[in-house]
Amino acid sequence: MKLFFVFLSVIILNFHVSAQEKWTDFILPVSLVAIGSYGVNSSSFHSLNSDIKDIMEDLRDGDYMNFDDYLQYFPAISSLFLEYTGVPSEYNVSQRLLLTLTSVVILRASVTLTKDNVAEKRPDFSAKTSFPSGHTATAFMGAELIRQ
C-alpha cells in the first residue's frame, strides 16, 4: 500500500509539469518520497526514529511547547493580507480567501485519507497518524498561497 503512494506522487507530479519545467526538476522530490516510503518499512529507520524520540524527550524534560500548532497557519493567514504590506497579488482578497478555504479542505481531506491508509506510528506510539505531517502540509500550503 505504501508503494502505491510513491507511484501516486510520481503521477501527480507528472500532471503538474509545465512547459518551463523539466522532468529532471522532479528527481529530488521523487527520491525523497521514495526514501520516506522505504523508511516506513525499514527497521533501521525505525531504530533511528526511536533514538531521536528518546533524545528529544530528554531535551524536553517533560515540557512541551505548542508553538508549532499555531505557527503552521502563519503563511496561509499572511497570504490573505499581502496587499496591505505592499506585495502585489494576482487575486483580490475575496478570491484569496476562497482559494485558501478550498486549499484547506483539499489538504485536510488528502492528509487524513493518507494518514488512515498509511497508519504510521507516532514517535511516542500514541497513535498511527504520524505520516504525512499535517503541520508540514499546512505550512507548505501557506507558502504556496503566498507564492501565488
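The values are calculated or read from the model by the stated rules, or taken from the named source; none is laboratory data. Note that the coordinates shown come from a computational prediction; the quantities given were computed from them, not determined experimentally. Cβ: placed from backbone, ideal geometry, glycine included. Neighbour counts: every protein chain shown.
Summary table below
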| read-out | value |
| --- | --- |
| Count - residues of segment 126-140 that are surrounded by 15 or more Cβ atoms within 10 Å (Cβ to Cβ), farther than 12 Å from Ser110 by Cβ and among the small types (Gly, Ala, Ser) | 2 |
| Filtered residues of segment 101-134 (kept if in a helix (DSSP H, G or I), touching a helix residue (DSSP H, G or I) at 6+ places or on another chain (Cβ under 6 Å) and of a type outside the set (A, V, I, L, M)) | Ser103, Gly134 |
| Segment 86-100 - residue that is part of a helix (DSSP H, G or I) and touching a residue at least 12 places away in the same chain (Cβ under 8 Å) and, of those, farthest from the chain's Cα centre (by Cα) | Val93 |
| Selected residue [of a type in the set (Val, Ile, Thr) and within 16 Å of Pro123 (Cα to Cα)] from Ile106, Ile52, Ile35, Ile77 | Ile52 |
| Pairs with Cβ under 6 Å, 6+ apart, first in segment 25-42 and over 12 Å from Val118 (Cα atoms) and surrounded by 11 or more Cβ atoms within 10 Å (Cβ to Cβ), second at pLDDT below 80 and of a type outside the set (A, V, I, L, M) | Val33/Ser9 |
| Filter result (of a type in the set (D, E, K, R), under 30 Å from Ile55 (Cβ atoms) and either touching a Lys or Arg at 6+ places or on another chain (Cβ under 6 Å) or without any contact (Cβ under 8 Å) to a residue 60 or more places away in the chain (or both)) within segment 118-148 | Lys121, Arg122, Lys128 |
| Segment 55-71, residues that are over 16 Å from Pro123 (Cβ atoms) and over 23 Å from the mean Cα position of the chain (by Cα) | Asp61, Asp63 |
| Residue count, segment 50-75 (criterion: surrounded by 13 or more Cβ atoms within 10 Å (Cβ to Cβ) and polar (S, T, N, Q)) | 1 |
| Of all residues making up segment 76-117, the number that are surrounded by 15 or more Cβ atoms within 10 Å (Cβ to Cβ) and either under 28 Å from Ser133 (Cα atoms) or of a type in the set (A, V, I, L, M) (or both) | 14 |
| Long-range neighbours under 8 Å by Cβ, at least six apart or interchain, first residue touching a residue at least 40 places away in the same chain (Cβ under 8 Å) within segment 102-117, second of a type in the set (Gly, Ala, Ser) | Ser103/Ala76 |
| Residue check for Phe81: more than 18 Å from Asp68 (Cα to Cα), aromatic (Phe, Trp, Tyr) and either at pLDDT 85 or above or touching a Ser or Thr at 6+ places or on another chain (Cβ under 8 Å) (or both) | yes |
